[in-house]
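Structure provided below as structure tokens; questions to follow.
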Amino acid sequence: MSAAVRQERTPVRIGSSPARALRLGGVRVGYEVRQYFRQRDTLFFTFLFPTLIFLIFAAAFSGSGDVGAAPDGSGAISVAAYYLPGLVAAGVVLSGIQNLGIDIAQERSDGTLKRLGGSPLPIASYFIGKAGTVLVTAVAQLVLLLTVAGLGFGVALPADGEHWLRFAWVFLLSIAMAVVIGVAVSSLPRTGRSASAVIVPVLLVLQFVSGVYFRFTDLPAWLQDAASLFPLKWVAQGMRSAFLPERFAAAEQTGTWDLATTALVLAGWTLGGLVLARLTFRWVRRDA
Amino acid sequence: MSTPAVEVVDLQKRYGERTALHGVSFAVERGEVFALLGPNGAGKSTTIEILEGYRRRSGGTASVLGADPGTAGLDWRARLGIVLQSASEPGTARVREQLAHFAAFYPDPRDVDEVLEAVGLTAAARLRVSALSGGQRRRLDVALGVVGRPELLFLDEPTTGFDPEARRRFWQLIRTLRDEGTTILLTTHYLDEAAALGDRAAVIAGGRLLDIGPIDAIGPAEARTPVVRWTDADGRHELRSETPAVVVADLVARTGGEPAGVEIVRPSLEDVYLSMIEAVEADA
């Protein structure tokens, strides 16, 4: 703060260049990831949650023998291996929809969004920051879960490129879906305080009816049909198609992995969520 | 360029049935420190939030740095600094990290360490924002408002909750910004603050502009006239006069001695302001 000058400055034009939005998006990712790992509560309830649930399930059912043996008694997998894809799916949805939805609702009520909205930060950079943070944290969460499952419980990970490729597109499409739906649901809670109470129960119900904790085909047919309207069922099924032996496709609703339907449903929810997010997102709650 | 930094004409705001602003007009010149005064609920924050682009106006026109705040874009935002009335962010970021992060949004930011020094947060640079005291947090709010080197700075009740020493240091900071040519629009309900900082002021109450002008010309002439008070056998007397010493001299000549309880009071901005607000409330 120097040099007393009282003159008109030529305003520096920043324009709306995509390069600037992208660069600031990158700045936001770094900033947000640092904040994420400093918040102990999200670290526990979101980041470690799938791994903790996996540990509980794997330990609780460790004595109940393997599942899914072929008629000749071969090819069974451990209960831990059977649960792994569901918890990978849960991790994506928790990091995306739940954590992001609550996070943005709180940012709206504690003034974070108002301050950002008063700065020349492009909205696109803010969203890039959120999406990038979800991607980074979901990958870290996944690596932790797979490491615990593989080293701690001897769960075999996919052995060939085809299954990893399948995993990759299901994972990335699921992240994209979860980010836009997370942004869209963030405008539902009226206050940041009520955000958890509004968002968590809905997702909990969805996890129970989407084959994350139970075998999907054990549910009554009407409930299977209802759950199939929502994306989580397809995320979980897509993850099973990547992690479980091919034979397990026979246990699905249609007796196949339904990969094309999975891609279509997830893409549909992503597009719908994108439109909804674009229409509902506001830096501040608009008054009358 | 001679356009005012801020110009509003007949600004109106309705929230459903309730009218918060009944047609307010004023202009803030470039390089000026302009204080918007008024009691709580007068419409100060509604006015400033319309000018910041946070709220839509219901009627009238508004121009801020030559643009309509309802539709202006990011180029315009880059020329503004905004210090909101209150913020309660969780504060996981560190002080310097937060300031440097916001500085990155602006095309020509100030030096982050110089800004920290100016608001007195150099020693707190590595602390989490959540570890700051209320007054330190407010100074960080101000730092975030000025780090983008704004042409126009909005300060919405900036020193609420400051102790007197912190307030004086804050005033010094505002004077420095003004000397650098920053236009400042300030809302406050501390009249000494308006008097210490403001070049001009406007008084708002009940969503209407009561008066506008240089700080020492605010209020009706009558309300600013010095008052002479004294007591005699008939009780307490009060006389307004531009020449109070003459009044006292006459009094002494007439009564032949020192009048009881004599005093000469020059109304402060606060007295003038309170008498204006009382008049409005009496009308309501």
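Specify the residue that is farthest from B:Ala221 (Cα to Cα); the eligible residues are those in segment B:238-256 that are at pLDDT 85 or above and among the small types (Gly, Ala, Ser).
Across segment B:238-256, the extreme among qualifying residues is B:Ala253.
For residues that are of a type outside the set (A, V, I, L, M) and crowded, with 16+ Cβ neighbours inside 10 Å, scanning just segment B:209-224, find the one that is farthest from B:Leu186 (Cα to Cα).
That would be B:Arg224.
What number of residues within segment A:108-136 satisfy the criterion of being of a type in the set (Val, Ile, Thr) and within 14 Å of chain B (Cβ to nearest Cβ)?
Total satisfying the criteria: 4.
Here is a yes/no grid of residues against (1) outside the structural domain of B:Val33 (by TED's automatic domain parsing); (2) among the hydroxyl-bearing types (Ser, Thr, Tyr); (3) within 30 Å of A:Thr191 (Cβ to Cβ):
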{"site": "B:Ser86", "(1), (2), (3)": "no, yes, yes"}
{"site": "B:Val115", "(1), (2), (3)": "no, no, no"}
{"site": "B:Val129", "(1), (2), (3)": "no, no, yes"}
{"site": "B:Gly135", "(1), (2), (3)": "no, no, yes"}
{"site": "B:Ala166", "(1), (2), (3)": "no, no, no"}
{"site": "B:Leu173", "(1), (2), (3)": "no, no, no"}
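Just give me the residues in segment A:73-107 being outside any loop (DSSP other than H, G, I, E, B) and either of a type in the set (S, T, N, Q) or within 14 Å of chain B (Cβ to nearest Cβ) (or both), in sequence order.
Those that are outside any loop (DSSP other than H, G, I, E, B) and either of a type in the set (S, T, N, Q) or within 14 Å of chain B (Cβ to nearest Cβ) (or both): A:Ser95, A:Gln98, A:Asn99, A:Ile102, A:Asp103, A:Ile104, A:Ala105, A:Gln106, A:Glu107.
Between a residue in segment A:150-170 that is under 14 Å from A:Val88 (Cα atoms) and any residue that is part of a helix (DSSP H, G or I) and among the aromatic types (Phe, Trp, Tyr), which pairs come within a Cβ distance under 8 Å, given they are 6 or more apart or on different chains?
A:Leu157/A:Phe243; A:Pro158/A:Trp164; A:Pro158/A:Phe167; A:Pro158/A:Phe243; A:Phe167/A:Phe243
The conditions are (1) surrounded by fewer than 20 Cβ atoms within 10 Å (Cβ to Cβ); (2) in contact (Cβ under 8 Å) with a residue 40 or more places away in the chain; (3) away from chain A (no Cβ under 14 Å), and B:Gly31 fails exactly one of them. Which is it?
Checking B:Gly31 against (1) surrounded by fewer than 20 Cβ atoms within 10 Å (Cβ to Cβ); (2) in contact (Cβ under 8 Å) with a residue 40 or more places away in the chain; (3) away from chain A (no Cβ under 14 Å), the one that fails is (3).
Take the residues in segment B:177-207 that are without any contact (Cβ under 8 Å) to a residue 60 or more places away in the chain and in contact with a helix residue (DSSP H, G or I) (Cβ under 7 Å, 6 or more places away or on another chain), then tell me which one is farthest from the other protein chains (Cβ to nearest Cβ).
B:Ala196
Residue by residue, here is whether (1) in a helix (DSSP H, G or I); (2) buried (at least 19 other Cβ atoms within 10 Å of the Cβ); (3) more than 9 Å from every other protein chain (Cβ to nearest Cβ); (4) small (Gly, Ala, Ser) holds:
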{"residue": "B:Ser86", "(1), (2), (3), (4)": "no, no, no, yes"}
{"residue": "B:Leu140", "(1), (2), (3), (4)": "yes, yes, yes, no"}
{"residue": "B:Thr160", "(1), (2), (3), (4)": "no, no, yes, no"}
{"residue": "B:Arg169", "(1), (2), (3), (4)": "yes, no, yes, no"}
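Another one. Give the residue that is nearest to A:Val134 (Cα to Cα), with candidates limited to residues of segment A:19-65 that are part of a loop (DSSP other than H, G, I, E, B) and either at pLDDT 80 or above or within 13 Å of chain B (Cβ to nearest Cβ) (or both).
A:Phe37
Does segment B:231-238 include one or more residues that are over 30 Å from B:Leu209 (Cα atoms), in contact with a helix residue (DSSP H, G or I) (Cβ under 7 Å, 6 or more places away or on another chain) and not acidic (Asp, Glu)?
no
Which of the residues spanning segment B:105-138 are more than 11 Å from chain A (Cβ to nearest Cβ), of a type in the set (Ser, Thr, Tyr) and not in a helix (DSSP H, G or I)?
B:Ser133
Filter segment B:45-75 for residues that are in a strand (DSSP E or B) and of a type outside the set (A, V, I, L, M); which is farthest from the other protein chains (Cβ to nearest Cβ)?
Within segment B:45-75, the match that is farthest from the other protein chains (Cβ to nearest Cβ) is B:Thr61.
Yes or no, residue by residue, for (1) buried (at least 19 other Cβ atoms within 10 Å of the Cβ); (2) over 22 Å from A:Val29 (Cβ atoms):
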{"residue": "A:Val136", "(1), (2)": "no, no"}
{"residue": "A:Val148", "(1), (2)": "yes, yes"}
{"residue": "A:His163", "(1), (2)": "no, yes"}
{"residue": "A:Leu173", "(1), (2)": "yes, no"}
{"residue": "A:Val212", "(1), (2)": "yes, yes"}
{"residue": "A:Asp218", "(1), (2)": "no, yes"}
{"residue": "A:Ala226", "(1), (2)": "no, yes"}
{"residue": "A:Leu229", "(1), (2)": "no, yes"}
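Looking only at segment B:157-203, count how many residues are over 17 Å from B:Gly135 (Cα atoms), among the hydroxyl-bearing types (Ser, Thr, Tyr) and touching a Pro at 6+ places or on another chain (Cβ under 9 Å).
Going through segment B:157-203 one residue at a time, the tally reaches 3.
Taking B:Glu238, is it farther than 20 Å from B:Ala194 by Cα, part of a loop (DSSP other than H, G, I, E, B) and not assigned by TED's automatic domain parsing to the domain that holds B:Ile212?
Taking the combined requirement at face value, the residue does not satisfy it.
Of all residues in segment B:3-16, which are within 10 Å of chain A (Cβ to nearest Cβ) and farther than 18 Å from B:Leu209 by Cβ?
B:Tyr15, B:Gly16
The values are calculated or read from the model by the stated rules, or taken from the named source; none is laboratory data. Note that the structure is predicted; figures quoted are calculated from it, not measured. Reconstructed Cβ throughout: ideal geometry from the backbone, glycine too, with neighbour counts over all protein chains shown.
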